[in-house]
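The values are calculated or read from the model by the stated rules, or taken from the named source; none is laboratory data. Nothing here was measured: the structure is a model prediction, and the numbers come from that model. Note: ideal-geometry Cβ built from the backbone for every residue, glycine included; neighbour counts use all protein chains shown. Side chains are part of the model used for accessible areas, which takes the heavy atoms of the whole protein and leaves out ligands, DNA and RNA. Shrake-Rupley method; radii C 1.70, N 1.55, O 1.52, S 1.80 Å.
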Amino acid sequence: MVQMGLLMDSNGIPMAFNTFSGGESEKTSLIPIIRRVKKDYGIERIITVADRGLNTSDNTAFLAGTNDDHSQGHDGYVYGQSILSADKEFKAWVLKQDGYLHDKEIDKNGEVVVFTHKSRVYAKTIQLENSQGKRRLKMNIYQKQMVYYSQKYAEKQKKERELVLAKAKDLIANPGKYTRATSFGAAGYINNIKFVKETGEIPDGIDLSLNLKKIAEEEKYDGYYSIVTSEKHLSDIEIRNIYKGLWEIEESFKVIKSEFKARPVYLKLENHINAHFLICFVSLLILRVLEYKLNKKYPVSQIRESLIRYSCSHLDQNYYLFDYRDEILQLMESIFDMDLGNKIMSTSEIKKILQYQK
(Lines give C-alpha, C1' and ligand atoms only; values in the text may rest on other atoms or scores of the structure.)
Protein backbone atom coordinates (compact mmCIF):
# COMPACT_ATOMS: atom_id res chain seq x y z
CA MET A 1 0.00 0.00 0.00
CA VAL A 2 1.24 3.49 -0.92
CA GLN A 3 0.08 6.76 0.61
CA MET A 4 0.36 10.16 -1.05
CA GLY A 5 0.63 13.50 0.72
CA LEU A 6 -0.29 16.58 -1.31
CA LEU A 7 0.70 20.16 -0.47
CA MET A 8 -1.29 23.01 -2.05
CA ASP A 9 -1.15 26.79 -1.79
CA SER A 10 -4.03 29.09 -0.81
CA ASN A 11 -5.25 29.17 -4.44
CA GLY A 12 -5.53 25.38 -4.61
CA ILE A 13 -2.43 25.07 -6.82
CA PRO A 14 -0.38 21.91 -6.04
CA MET A 15 3.15 22.75 -4.83
CA ALA A 16 4.63 19.42 -3.78
CA PHE A 17 3.80 15.83 -3.02
CA ASN A 18 5.28 13.01 -1.02
CA THR A 19 4.77 9.26 -1.16
CA PHE A 20 5.29 6.96 1.80
CA SER A 21 4.51 3.44 2.87
CA GLY A 22 0.95 2.54 3.79
CA GLY A 23 2.33 1.17 7.05
CA GLU A 24 3.57 4.62 8.13
CA SER A 25 1.46 7.12 10.03
CA GLU A 26 0.41 10.21 8.08
CA LYS A 27 1.08 12.21 11.24
CA THR A 28 4.84 11.92 10.75
CA SER A 29 4.78 12.93 7.06
CA LEU A 30 4.16 16.66 7.59
CA ILE A 31 7.44 17.87 9.12
CA PRO A 32 9.77 16.48 6.40
CA ILE A 33 7.69 17.86 3.52
CA ILE A 34 7.40 21.32 5.16
CA ARG A 35 11.18 21.47 5.52
CA ARG A 36 11.67 20.39 1.90
CA VAL A 37 9.19 22.91 0.48
CA LYS A 38 10.65 25.82 2.45
CA LYS A 39 14.12 24.91 1.22
CA ASP A 40 13.12 24.31 -2.41
CA TYR A 41 11.00 27.46 -2.77
CA GLY A 42 12.83 29.78 -0.37
CA ILE A 43 9.65 30.37 1.62
CA GLU A 44 10.14 32.11 4.96
CA ARG A 45 6.83 31.24 6.60
CA ILE A 46 4.18 28.59 5.93
CA ILE A 47 0.73 28.33 7.51
CA THR A 48 -0.37 24.70 7.28
CA VAL A 49 -4.09 23.99 6.87
CA ALA A 50 -4.95 20.36 7.59
CA ASP A 51 -7.63 18.13 9.06
CA ARG A 52 -7.46 16.76 12.59
CA GLY A 53 -5.43 13.74 11.48
CA LEU A 54 -2.29 15.93 11.43
CA ASN A 55 -3.18 17.81 14.62
CA THR A 56 -0.53 16.31 16.88
CA SER A 57 1.62 17.74 19.66
CA ASP A 58 4.78 17.23 17.60
CA ASN A 59 3.38 19.02 14.55
CA THR A 60 1.97 22.02 16.45
CA ALA A 61 5.19 22.42 18.45
CA PHE A 62 7.30 22.18 15.28
CA LEU A 63 5.20 24.69 13.33
CA ALA A 64 4.46 27.40 15.90
CA GLY A 65 6.56 26.70 19.00
CA THR A 66 5.29 28.24 22.22
CA ASN A 67 3.47 30.93 20.19
CA ASP A 68 3.32 33.44 23.03
CA ASP A 69 3.38 37.20 22.45
CA HIS A 70 7.19 37.24 22.44
CA SER A 71 7.69 34.44 19.89
CA GLN A 72 8.74 35.33 16.36
CA GLY A 73 9.87 33.58 13.21
CA HIS A 74 7.77 30.45 13.50
CA ASP A 75 5.43 28.91 10.95
CA GLY A 76 1.72 28.47 11.70
CA TYR A 77 -1.24 26.11 11.43
CA VAL A 78 -5.02 25.91 11.10
CA TYR A 79 -6.15 22.45 12.20
CA GLY A 80 -9.40 20.66 12.75
CA GLN A 81 -9.80 19.62 16.38
CA SER A 82 -11.50 16.44 17.58
CA ILE A 83 -13.97 17.30 20.33
CA LEU A 84 -14.67 13.74 21.43
CA SER A 85 -10.98 13.02 22.05
CA ALA A 86 -10.32 16.38 23.75
CA ASP A 87 -9.89 16.82 27.52
CA LYS A 88 -12.77 17.42 29.94
CA GLU A 89 -12.12 21.15 30.22
CA PHE A 90 -12.37 21.65 26.45
CA LYS A 91 -15.55 19.57 26.21
CA ALA A 92 -17.15 21.54 29.02
CA TRP A 93 -16.25 24.81 27.27
CA VAL A 94 -17.84 23.57 24.04
CA LEU A 95 -21.14 22.67 25.71
CA LYS A 96 -21.32 25.80 27.87
CA GLN A 97 -23.64 28.12 25.95
CA ASP A 98 -22.14 31.32 27.39
CA GLY A 99 -20.20 33.29 24.81
CA TYR A 100 -21.73 31.89 21.65
CA LEU A 101 -22.39 34.47 18.92
CA HIS A 102 -25.07 34.15 16.25
CA ASP A 103 -24.21 35.82 12.94
CA LYS A 104 -26.38 35.71 9.83
CA GLU A 105 -24.62 34.88 6.57
CA ILE A 106 -25.48 34.18 2.95
CA ASP A 107 -24.37 30.72 1.82
CA LYS A 108 -23.28 29.70 -1.69
CA ASN A 109 -26.92 28.98 -2.59
CA GLY A 110 -27.99 32.51 -1.67
CA GLU A 111 -29.83 31.37 1.48
CA VAL A 112 -29.57 33.05 4.88
CA VAL A 113 -27.87 30.81 7.45
CA VAL A 114 -26.91 31.40 11.09
CA PHE A 115 -23.25 30.99 12.04
CA THR A 116 -23.20 30.04 15.74
CA HIS A 117 -19.68 30.27 17.14
CA LYS A 118 -17.30 31.30 19.90
CA SER A 119 -13.54 31.35 20.40
CA ARG A 120 -10.80 31.93 22.93
CA VAL A 121 -7.00 32.17 23.15
CA TYR A 122 -5.91 29.33 25.39
CA ALA A 123 -2.65 28.10 26.93
CA LYS A 124 -2.64 24.38 26.18
CA THR A 125 -0.23 21.91 27.75
CA ILE A 126 1.15 19.30 25.34
CA GLN A 127 3.57 16.43 25.83
CA LEU A 128 6.59 15.80 23.63
CA GLU A 129 9.01 12.91 23.37
CA ASN A 130 12.23 12.96 25.38
CA SER A 131 15.55 11.44 24.26
CA GLN A 132 14.28 7.98 25.30
CA GLY A 133 11.17 8.29 23.11
CA LYS A 134 8.84 8.73 26.09
CA ARG A 135 6.21 11.48 26.05
CA ARG A 136 7.20 13.12 29.31
CA LEU A 137 8.33 16.58 28.22
CA LYS A 138 5.60 19.14 28.93
CA MET A 139 5.28 22.35 26.94
CA ASN A 140 2.72 25.16 27.01
CA ILE A 141 1.55 26.45 23.63
CA TYR A 142 -0.82 29.33 22.96
CA GLN A 143 -3.47 28.82 20.32
CA LYS A 144 -6.81 30.28 19.30
CA GLN A 145 -9.59 27.72 19.68
CA MET A 146 -12.83 28.21 17.77
CA VAL A 147 -15.97 26.07 17.95
CA TYR A 148 -19.15 26.40 15.90
CA TYR A 149 -22.47 24.63 15.72
CA SER A 150 -24.34 23.52 12.60
CA GLN A 151 -27.79 21.93 12.61
CA LYS A 152 -27.07 20.29 9.24
CA TYR A 153 -23.87 18.80 10.62
CA ALA A 154 -25.79 17.51 13.66
CA GLU A 155 -28.32 15.78 11.40
CA LYS A 156 -25.50 14.31 9.29
CA GLN A 157 -23.74 12.91 12.37
CA LYS A 158 -26.97 11.45 13.68
CA LYS A 159 -27.74 9.67 10.39
CA GLU A 160 -24.21 8.29 10.14
CA ARG A 161 -24.35 6.99 13.71
CA GLU A 162 -27.74 5.38 13.11
CA LEU A 163 -26.29 3.37 10.22
CA VAL A 164 -23.38 2.18 12.35
CA LEU A 165 -25.71 1.35 15.27
CA ALA A 166 -27.94 -0.69 12.96
CA LYS A 167 -24.86 -2.72 12.03
CA ALA A 168 -23.90 -3.02 15.72
CA LYS A 169 -27.37 -4.35 16.62
CA ASP A 170 -27.17 -6.91 13.83
CA LEU A 171 -23.74 -7.96 15.04
CA ILE A 172 -25.09 -8.48 18.57
CA ALA A 173 -27.93 -10.60 17.19
CA ASN A 174 -25.76 -12.51 14.70
CA PRO A 175 -22.10 -12.46 15.87
CA GLY A 176 -21.23 -15.42 13.64
CA LYS A 177 -21.72 -13.24 10.54
CA TYR A 178 -18.89 -10.88 11.49
CA THR A 179 -15.12 -10.82 11.96
CA ARG A 180 -12.70 -8.21 13.22
CA ALA A 181 -12.45 -6.79 9.68
CA THR A 182 -16.17 -6.72 8.85
CA SER A 183 -17.22 -5.34 12.23
CA PHE A 184 -15.11 -2.20 11.82
CA GLY A 185 -16.92 0.86 13.20
CA ALA A 186 -19.75 -1.06 14.81
CA ALA A 187 -17.45 -2.84 17.29
CA GLY A 188 -16.72 0.47 19.01
CA TYR A 189 -20.32 0.66 20.23
CA ILE A 190 -20.47 -2.86 21.69
CA ASN A 191 -19.62 -3.88 25.25
CA ASN A 192 -17.41 -6.91 25.92
CA ILE A 193 -16.62 -7.62 22.27
CA LYS A 194 -13.57 -9.79 21.60
CA PHE A 195 -11.98 -11.50 18.61
CA VAL A 196 -10.03 -14.72 18.17
CA LYS A 197 -6.46 -13.67 17.38
CA GLU A 198 -5.84 -16.35 14.76
CA THR A 199 -9.13 -16.09 12.81
CA GLY A 200 -10.56 -12.67 13.70
CA GLU A 201 -13.88 -14.33 14.56
CA ILE A 202 -16.05 -13.48 17.57
CA PRO A 203 -15.94 -16.30 20.18
CA ASP A 204 -19.17 -18.10 21.11
CA GLY A 205 -20.87 -17.42 24.44
CA ILE A 206 -19.91 -13.74 24.84
CA ASP A 207 -22.56 -11.44 26.34
CA LEU A 208 -22.70 -8.55 23.84
CA SER A 209 -24.66 -5.34 24.37
CA LEU A 210 -24.78 -1.76 23.11
CA ASN A 211 -22.56 0.76 24.88
CA LEU A 212 -25.39 3.17 25.72
CA LYS A 213 -23.11 5.40 27.80
CA LYS A 214 -20.79 6.01 24.84
CA ILE A 215 -23.72 6.69 22.51
CA ALA A 216 -25.23 9.24 24.90
CA GLU A 217 -21.84 10.94 25.33
CA GLU A 218 -21.35 11.31 21.57
CA GLU A 219 -24.87 12.64 21.04
CA LYS A 220 -24.13 15.63 23.30
CA TYR A 221 -21.60 16.94 20.79
CA ASP A 222 -23.60 16.41 17.58
CA GLY A 223 -23.37 19.50 15.38
CA TYR A 224 -20.27 20.96 17.05
CA TYR A 225 -17.01 21.32 15.17
CA SER A 226 -13.77 22.86 16.39
CA ILE A 227 -10.78 24.44 14.68
CA VAL A 228 -7.54 25.51 16.37
CA THR A 229 -4.91 27.87 14.99
CA SER A 230 -1.63 29.55 15.83
CA GLU A 231 -2.94 32.71 14.11
CA LYS A 232 -4.47 34.36 17.18
CA HIS A 233 -5.41 37.55 15.29
CA LEU A 234 -7.82 35.80 12.91
CA SER A 235 -11.56 36.22 13.38
CA ASP A 236 -13.82 33.18 13.71
CA ILE A 237 -15.17 33.71 10.20
CA GLU A 238 -11.64 33.98 8.76
CA ILE A 239 -10.62 30.75 10.55
CA ARG A 240 -13.61 28.86 9.17
CA ASN A 241 -13.15 30.20 5.63
CA ILE A 242 -9.46 29.24 5.62
CA TYR A 243 -10.28 25.75 6.85
CA LYS A 244 -12.93 25.37 4.13
CA GLY A 245 -10.08 25.40 1.61
CA LEU A 246 -9.41 21.79 2.54
CA TRP A 247 -12.23 20.70 0.22
CA GLU A 248 -9.90 21.51 -2.70
CA ILE A 249 -7.43 18.91 -1.43
CA GLU A 250 -10.27 16.40 -1.03
CA GLU A 251 -11.40 17.17 -4.58
CA SER A 252 -7.83 16.89 -5.87
CA PHE A 253 -7.50 13.38 -4.51
CA LYS A 254 -10.82 12.46 -6.13
CA VAL A 255 -9.50 13.77 -9.46
CA ILE A 256 -6.24 11.85 -9.07
CA LYS A 257 -8.04 8.63 -8.19
CA SER A 258 -10.90 8.78 -10.69
CA GLU A 259 -9.86 11.01 -13.59
CA PHE A 260 -6.15 10.06 -13.69
CA LYS A 261 -6.62 6.43 -12.60
CA ALA A 262 -3.85 6.76 -10.00
CA ARG A 263 -4.87 3.50 -8.40
CA PRO A 264 -4.39 0.63 -8.44
CA VAL A 265 -0.64 1.05 -9.02
CA TYR A 266 0.66 -1.86 -11.08
CA LEU A 267 4.28 -1.13 -10.16
CA LYS A 268 6.77 -2.49 -7.63
CA LEU A 269 10.00 -0.45 -7.84
CA GLU A 270 10.07 2.73 -5.75
CA ASN A 271 11.37 4.87 -8.63
CA HIS A 272 8.57 3.64 -10.91
CA ILE A 273 5.92 4.33 -8.25
CA ASN A 274 7.26 7.85 -7.70
CA ALA A 275 7.26 8.45 -11.47
CA HIS A 276 3.63 7.31 -11.67
CA PHE A 277 2.54 9.78 -9.00
CA LEU A 278 4.70 12.52 -10.53
CA ILE A 279 2.77 12.19 -13.80
CA CYS A 280 -0.50 12.46 -11.85
CA PHE A 281 0.85 15.47 -9.93
CA VAL A 282 1.92 17.36 -13.07
CA SER A 283 -1.43 16.63 -14.73
CA LEU A 284 -3.27 17.95 -11.67
CA LEU A 285 -1.04 21.03 -11.59
CA ILE A 286 -1.86 21.87 -15.24
CA LEU A 287 -5.60 21.49 -14.64
CA ARG A 288 -5.52 23.53 -11.43
CA VAL A 289 -3.65 26.36 -13.19
CA LEU A 290 -6.26 26.30 -15.97
CA GLU A 291 -9.02 26.33 -13.34
CA TYR A 292 -7.39 29.36 -11.68
CA LYS A 293 -6.99 31.15 -15.03
CA LEU A 294 -10.70 30.51 -15.70
CA ASN A 295 -11.51 32.21 -12.36
CA LYS A 296 -12.69 28.87 -10.93
CA LYS A 297 -15.86 29.16 -12.97
CA TYR A 298 -15.71 25.48 -14.01
CA PRO A 299 -14.75 22.34 -12.07
CA VAL A 300 -11.58 20.46 -13.00
CA SER A 301 -13.54 17.49 -14.34
CA GLN A 302 -15.43 19.71 -16.80
CA ILE A 303 -12.22 21.42 -17.96
CA ARG A 304 -10.61 18.03 -18.54
CA GLU A 305 -13.65 16.84 -20.51
CA SER A 306 -13.49 19.90 -22.79
CA LEU A 307 -9.80 19.37 -23.51
CA ILE A 308 -10.36 15.69 -24.28
CA ARG A 309 -13.24 16.43 -26.65
CA TYR A 310 -11.23 19.08 -28.52
CA SER A 311 -9.80 16.62 -31.02
CA CYS A 312 -9.60 16.32 -34.78
CA SER A 313 -10.15 13.92 -37.65
CA HIS A 314 -7.94 13.62 -40.70
CA LEU A 315 -9.67 14.87 -43.84
CA ASP A 316 -7.22 14.84 -46.73
CA GLN A 317 -3.49 15.39 -47.17
CA ASN A 318 -2.47 17.99 -44.50
CA TYR A 319 -5.95 19.09 -43.39
CA TYR A 320 -7.87 18.15 -40.23
CA LEU A 321 -11.45 18.66 -39.05
CA PHE A 322 -12.13 20.02 -35.52
CA ASP A 323 -15.80 19.40 -34.76
CA TYR A 324 -16.08 20.35 -31.07
CA ARG A 325 -16.31 23.74 -29.39
CA ASP A 326 -17.79 24.89 -26.08
CA GLU A 327 -17.80 27.89 -23.72
CA ILE A 328 -14.72 26.68 -21.83
CA LEU A 329 -12.64 26.56 -25.02
CA GLN A 330 -13.98 29.98 -26.02
CA LEU A 331 -12.95 31.44 -22.66
CA MET A 332 -9.49 29.89 -23.00
CA GLU A 333 -9.15 31.60 -26.38
CA SER A 334 -9.68 35.03 -24.83
CA ILE A 335 -7.45 34.35 -21.81
CA PHE A 336 -4.52 32.92 -23.77
CA ASP A 337 -5.09 35.00 -26.94
CA MET A 338 -5.48 31.92 -29.13
CA ASP A 339 -7.82 31.04 -32.00
CA LEU A 340 -9.37 27.58 -31.67
CA GLY A 341 -12.47 28.41 -33.70
CA ASN A 342 -11.38 27.15 -37.09
CA LYS A 343 -13.18 23.92 -37.98
CA ILE A 344 -10.59 22.99 -40.61
CA MET A 345 -6.87 23.55 -40.04
CA SER A 346 -3.72 22.55 -41.84
CA THR A 347 -0.77 20.82 -40.19
CA SER A 348 1.19 24.07 -40.13
CA GLU A 349 -1.66 25.92 -38.39
CA ILE A 350 -1.90 23.18 -35.74
CA LYS A 351 1.86 23.30 -35.13
CA LYS A 352 1.64 27.06 -34.70
CA ILE A 353 -0.91 26.60 -31.89
CA LEU A 354 1.22 23.90 -30.25
CA GLN A 355 4.23 26.23 -30.29
CA TYR A 356 2.22 28.95 -28.53
CA GLN A 357 4.16 30.92 -25.93
CA LYS A 358 3.12 33.86 -23.75
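List the helices (runs of 4 or more DSSP H) that sit entirely inside region 251-358 and contain at least 2 residues that are in contact with a helix residue (DSSP H, G or I) (Cβ under 7 Å, 6 or more places away or on another chain) and open to solvent by less than 60 Å² (accessible area, probe 1.4 Å).
270-293, 300-309, 327-336
Mind listing whichever residues of region 238-250 are open to solvent by 60 Å² or more (accessible area, probe 1.4 Å) and either touching a residue at least 60 places away in the same chain (Cβ under 8 Å) or of a type in the set (Asp, Glu) (or both)? Can you show your working first?
From region 238-250, those open to solvent by 60 Å² or more (accessible area, probe 1.4 Å) are 238, 241-242, 244, 247, 250; that's our starting set.
If the condition is that a residue be open to solvent by 60 Å² or more (accessible area, probe 1.4 Å) and either touching a residue at least 60 places away in the same chain (Cβ under 8 Å) or of a type in the set (Asp, Glu) (or both), then GLU238, ILE242, GLU250 are the ones that fit.
Could you check how many residues of region 89-124 are open to solvent by 80 Å² or more (accessible area, probe 1.4 Å) and among the β-branched types (Val, Ile, Thr)?
Total satisfying the criteria: 4.
Would you say GLY76 is open to solvent by 30 Å² or more (accessible area, probe 1.4 Å), farther than 21 Å from GLU250 by Cβ and not polar (S, T, N, Q)?
No.
Enumerate the pairs (first residue in region 36-48 and under 11 Å from ALA16 (Cβ atoms) and free of Cβ contacts under 8 Å to residues at least 40 places away in the same chain; second residue anywhere and surrounded by 13 or more Cβ atoms within 10 Å (Cβ to Cβ) and of a type in the set (Gly, Ala, Ser)) with beta-carbon separation below 6 Å, excluding pairs fewer than 6 apart on the same chain, so at least 6 apart or on different chains.
Once the first residue is under 11 Å from ALA16 (Cβ atoms) and free of Cβ contacts under 8 Å to residues at least 40 places away in the same chain and sits in region 36-48, its partners that are surrounded by 13 or more Cβ atoms within 10 Å (Cβ to Cβ) and of a type in the set (Gly, Ala, Ser) give VAL37/ALA16.
Scan region 1-34 for residues that are surrounded by 12 or more Cβ atoms within 10 Å (Cβ to Cβ) and more than 18 Å from the chain's Cα centre (by Cα) and report the count.
Number satisfying all stated conditions: 1.
So ASP58 ticks every box in (1) of a type in the set (Asp, Glu); (2) within 23 Å of the chain's Cα centre (by Cα); (3) surrounded by fewer than 16 Cβ atoms within 10 Å (Cβ to Cβ) but one. Which box is left unticked?
(3)
Results for (1) touching a Pro at 6+ places or on another chain (Cβ under 6 Å); (2) in contact (Cβ under 8 Å) with a residue 12 or more places away in the chain; (3) surrounded by 13 or more Cβ atoms within 10 Å (Cβ to Cβ); (4) not aliphatic (A, V, I, L, M), shown as yes or no for each residue.
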| residue | (1), (2), (3), (4) |
| --- | --- |
| GLN145 | no, yes, yes, yes |
| GLU160 | no, no, no, yes |
| ILE172 | no, yes, yes, no |
| ALA181 | no, yes, no, no |
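Answer yes or no: is there a residue in region 219-234 that is assigned to a loop (DSSP other than H, G, I, E, B), open to solvent by 50 Å² or more (accessible area, probe 1.4 Å) and touching a residue at least 12 places away in the same chain (Cβ under 8 Å).
Yes, that holds for at least one residue.
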